[in-house]
Amino acid sequence: MKHISKLPNIETTIFSVMSALANKHQAINLSQGFPNFKSDKKLKDLVAKAMQSGYNQYAPMPGNIELRERIANKFDLLYNSSYHPETEITITAGATQAIFTIISAFVKQEDEVIIFKPAYDCYEPAILLQGAKPVSVQLNAPNYSVDWSAVKQKINHKTKMIIINTPHNPSGSVLSKADMLQLEALTKNTNIIVLSDEVYEHIIFDGKKHQSACLFPDLKARSFITASFGKTFHNTGWKIGYCCAPKPLMTEFRKVHQFNVFSVNHPMQKGLADYLQDSNHYLEIAAFYQEKRDLFLSLIKDSRFTFQASQGTYFQVLNFSEITQEYDVDFAKRLTVENKLAAIPLSVFNDDNKDDKVLRFCFAKTKDTLKKAAEIINKI
């Protein structure tokens, strides 16, 4: 049998490649973005309790109503912004599923979708599968700030969607209030949908405030916000997230969601609903990760890598141009094989594999792991 691939140029994700290489060579894995410490025992106990209490059949298609109500309360507490739990919040099988479903529900053949590179690698394939065109705006190291005049030039009658990601993976940068106001102005009085990937909303540092799309009225009216409980509560393997949007947009989302997922793991939803009754479980996360970021950077401050401190996420970008002029993918692989430390090269997320001589390191690790990684970095 012969088939024409719908994604002929898509290869195995760099995260899988580097993690496999790390496993093969028994390297410390700071590449793929997952914590190597345990999630809260209280949360796991609540999920187990939900199982014992009978929450083992299908959840409602939009998600457990208690969990949706807790999410609505969270938006009210953090942003003084409301989403109706019945009609404007849907629980998803992770943020990636939410993103894929949003794109599938709205993007059609010959539409254009603006993305910012380096871009998380699930955006572009989802766009291509709809027969649409990804239109990229390159962000440049070391600041990875948005040139909104360049964005304006990319917008035309075919522009269906703009995807933003703040705090930004892989760079660790964040969009400011001024950035969001410019996005709001550019999309005002258009039919452009904004997909705001906010999975790291609780991991933002140095007293900065997360500028959610819901804080800006005209943006909120045209935006989906996607989020991840896996990123927030250190259990990425659970694959539970959610998205929020005004009712007309969410209605269309659910038309697709009900047929590609229908509903999500019920006992975990119930456990999360009970866990979210205490807002400190997400309010304390920024300080928790800032301590790890600060420790990691203090340990490597005298190394030959250079850096600007991450503003958000649990990733830190390090520049290696004073060490070697190798292609970043080659250096990342050599670092894994020879030095037993795995990181992610950023060129694979850029236009034309633009190589800024930087690697992304995940610091969502135990102190012991970070110290061992720093010892390796300092010897290079």
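The values are calculated or read from the model by the stated rules, or taken from the named source; none is laboratory data. None of the values given here were measured: they were computed from a predicted structure. Here the Cβ is made from the backbone with ideal geometry for all residues, glycine too, and neighbour counts use every protein chain on show.
Among the strands (runs of 3 or more DSSP E) confined to the range 55-167, there are none with at least 3 residues that are small (G, A, S). Considering each of I204, I155 in turn, give the residue that is of a type in the set (V, I, T), modelled with pLDDT of 95 or more and under 30 Å from Q269 (Cβ atoms). Every option except I204 fails the conditions. Among the residues of the range 165-180, the ones that are in contact with a Leu (Cβ under 9 Å, 6 or more places away or on another chain) and hydrophobic (A, V, I, L, M, F, W, C) come to 2 in all. Every residue in the range 197-224 that is surrounded by fewer than 24 Cβ atoms within 10 Å (Cβ to Cβ), under 23 Å from S310 (Cα atoms) and of a type in the set (F, W, Y), please. F205 - this is the single residue of the range 197-224 that is surrounded by fewer than 24 Cβ atoms within 10 Å (Cβ to Cβ), under 23 Å from S310 (Cα atoms) and of a type in the set (F, W, Y). Of the helices (runs of 4 or more DSSP H) lying entirely inside the range 261-380, those containing at least 1 residues that are of a type outside the set (G, A, S) and surrounded by fewer than 18 Cβ atoms within 10 Å (Cβ to Cβ) span 280-283, 285-300, 328-339, 367-379. Within the range 29-62, the set of residues being in contact with a strand residue (DSSP E or B) (Cβ under 9 Å, 6 or more places away or on another chain) and either crowded, with 17+ Cβ neighbours inside 10 Å or closer than 30 Å to S171 by Cβ (or both) comprises N29, L30, S31, Q32, G33, F34, P35, N36, A59, P62.
One line per residue, one yes/no per condition, for (1) at pLDDT below 95; (2) over 26 Å from P134 (Cα atoms):
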{"residue": "L21", "(1), (2)": "no, yes"}
{"residue": "S39", "(1), (2)": "yes, yes"}
{"residue": "A59", "(1), (2)": "no, yes"}
{"residue": "I99", "(1), (2)": "no, no"}
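Per-residue answers, yes or no, for (1) outside the structural domain of M18 (by TED's automatic domain parsing); (2) more than 29 Å from S39 (Cα to Cα); (3) touching a residue at least 24 places away in the same chain (Cβ under 8 Å); (4) touching a Lys or Arg at 6+ places or on another chain (Cβ under 6 Å):
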{"residue": "Y289", "(1), (2), (3), (4)": "no, no, yes, no"}
{"residue": "L299", "(1), (2), (3), (4)": "no, no, yes, no"}
{"residue": "S303", "(1), (2), (3), (4)": "no, yes, yes, no"}
{"residue": "D330", "(1), (2), (3), (4)": "no, yes, no, no"}
{"residue": "T336", "(1), (2), (3), (4)": "no, no, yes, no"}
{"residue": "A342", "(1), (2), (3), (4)": "no, no, yes, no"}
{"residue": "N350", "(1), (2), (3), (4)": "no, yes, yes, yes"}
{"residue": "K367", "(1), (2), (3), (4)": "no, no, yes, no"}
{"residue": "K372", "(1), (2), (3), (4)": "no, no, yes, no"}
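Here the condition is being touching a Ser or Thr at 6+ places or on another chain (Cβ under 8 Å), modelled with pLDDT of 95 or more and assigned by TED's automatic domain parsing to the domain that holds K270; of A132, A72, A105, it holds for A72 alone.
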